[in-house]
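Worksheet: the structure to be examined is printed underneath.
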Amino acid sequence: MNGTKSAALVAVPAALLAAGAFLLLLPWDPRSNVPVEPGSDTLTSGHTWWGLTLFVLALTVLALATGRYTARPGTTMAAVGGTPAALLLVSHLTHEPDPDGFAGLWPAGWLVAAALMLLGTGLVAALARPDRTPDVLTADLRDRLLPVAAAAAAGFTGFLTAAVASDAGPFAHTFAALLSLALGHGLGWALRAGGRGPAASAVLTAAGVAVTAALDHAGKVLWSWPAPDPLAWATTLAAYPLGALLAHATGRGRPGRRGRARPAR
């Protein structure tokens with residue numbers, strides 16, 4: 001209990017500081033454009049190199065401090081990486097993307113940014129913990145960073161495979177389904193090698209795809225965009241966890257860390 005309270009005492013201020021860094025250094029409106037110079041008609045992104053650099057530096061310092069004092073990379077990921085990732089999602093949902101050819105790609109862009117924040121802060125915290133040993137670092141990478149990376153990879157690649165099949169014919173849907181099955185199998189193999197069981201692997205891959213599908217459908221609810229192809233998303237959502245389960249079913253002779261049999265002496 002005392003450890004939980006101590007972690008909260010560090011994580012809560014760190015989350016507030018991470019939120020402050022996001023609001024101060026990055027534009028709240030993701031569509032933000034500013035003149036190249038005063039009076040210029042040429043616009044450029046509201047994101048500046050110095051703002052992004054200072055933001056990354058702020059998250060690194062906060063992750064370093066939080067990981068050092070709590071020795072809990074998962075807490076650091078949630079507080080320091082998760083807070084700005086959540087704010088970025090809110091900023092996307094409250095501003096309709098510009099009506100250009102890239103407007104519908106915002107869920108993938110958010111997913112990549114959120115994954116970088118979570119994985120980056122988690123890695124820094126894992127390296128900063130005072131009780132770090134090779135075994136402890138390996139456990140942090142396997143038990144905390146790998147699941148997040150797998151879910152994010154499922155969501156990002158699921159978005160791409162669903163886009164391939166969207167509003168296309170049976171061939172495209174079949175190709176996307178097989179590709180999703182193969183990608184899910186690869187992620188399932190990685191999770192299995194990291195000690196995750198079949199159920200956990202299926203849930204992680206399905207969750208990543210489901211979150212991205214929900215974001216892809218948000219445009220219809222928020223901005224009256226055309227609805228995404230339901231068949232494309234349904235097959236993608238079904239194929240990823242199925243592929244992950246097949247990775248476990250076809251690899252029973254080579255169990256992962258938690259099921260590895262010790263050689264007879």
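May I ask which residue of TRP110, THR121, GLY251 lies farthest towards the positive end of the charge dipole of the chain, with charges of +1 (Lys, Arg) and -1 (Asp, Glu) on Cβ and the Cα centre as origin?
Result: GLY251.
Hey, what do the phi angles of region 176-193 turn into as Karplus ³J(HN,Hα) couplings, whole Hz, using 6.51/-1.76/1.60 and θ = phi - 60°, x for Gly and Pro?
Working through the residues one at a time gives 5, 5, 5, 5, 4, 4, 5, 5, x, 5, x, 5, x, 5, 5, 5, 5, 5 Hz.
Between beta-carbons, use under 14 Å as the cut-off and find the net charge around PRO130, counting Lys and Arg +1, Asp and Glu -1.
+2
Tell me, what ³J(HN,Hα) does each residue in region 154-165 have, in order and in whole Hz, if you take phi through Karplus 6.51 cos²θ - 1.76 cosθ + 1.60 with θ = phi - 60° and put x for Gly and Pro?
Karplus values, whole Hz, x for Gly and Pro: 5, x, 5, 5, x, 4, 5, 5, 5, 5, 4, 8.
Sort out for me the Cα centre separation of region 185-228 from region 115-146, rounded to whole Å.
One Cα centre to the other: 23 Å.
Could you tell me the calculated FRET efficiency between ALA8 and ALA214, based on Cβ-Cβ distance and R0 = 30 angstrom, to the nearest 0.05?
About 0.55, to the nearest 0.05.
Modelling each spin label as a point 7 Å along the Cα-to-Cβ direction, I'd like the ASP29/VAL221 distance in nm, to one decimal.
Distance between the two pseudo-spin positions: 2.5 nm.
Taking K and R as +1 and D and E as -1, what net charge do the other residues with C-beta under 14 Å from the C-beta of HIS47 add up to?
Counting the neighbours of HIS47, the net charge comes to 0.
What ranking of LEU24, LEU111 emerges when the number of other C-beta atoms within 10 Å of each C-beta is taken as an exposure proxy, fewest first?
LEU24, LEU111
Per residue of region 208-224, in order, report the coupling 6.51 cos²θ - 1.76 cosθ + 1.60 (Karplus, θ = phi - 60°) as ³J(HN,Hα) in whole Hz, putting x for Gly and Pro.
x, 5, 5, 4, 5, 4, 4, 5, 5, 7, 5, x, 5, 6, 7, 10, 6
Going by how many other Cβ atoms sit within 10 Å of their own, how do PHE156, PHE102 line up, fewest first?
PHE102, PHE156
What order do you get for HIS185, HIS95 when you list them from fewest to most C-beta neighbours inside 10 Å?
Starting with the residue having the fewest Cβ neighbours, the order is HIS95, HIS185.
Using only helices, what value at 222 nm comes out for the chain when you add -39,500 (n - 2.57) per DSSP H run of length 4 or more and divide by the total residues, to the nearest 500 deg cm²/dmol?
-23500 deg cm²/dmol
For LEU116 and ALA182, calculate 0.36 nm times their separation in residues minus their Cα-Cα distance, and state this gained length in nm to one decimal.
Length difference between fully extended and current span is 21.3 nm.
Return the label of the correct value of semi-axes √(5λ) of the Cα gyration tensor in Å, as calculated from the structure shown, out of (1) 29, 26, 17; (2) 31, 25, 17; (3) 33, 30, 13.
Of the listed options (1) 29, 26, 17; (2) 31, 25, 17; (3) 33, 30, 13, (3) comes from this structure.
Only the coordinates and a few stated rules stand behind these numbers; no lab work does. Just so you know, these numbers come straight off a predicted model, no measurement behind them. Every residue, glycine as well, gets a Cβ built from its backbone with ideal geometry; the counts of neighbours run over all protein chains shown.
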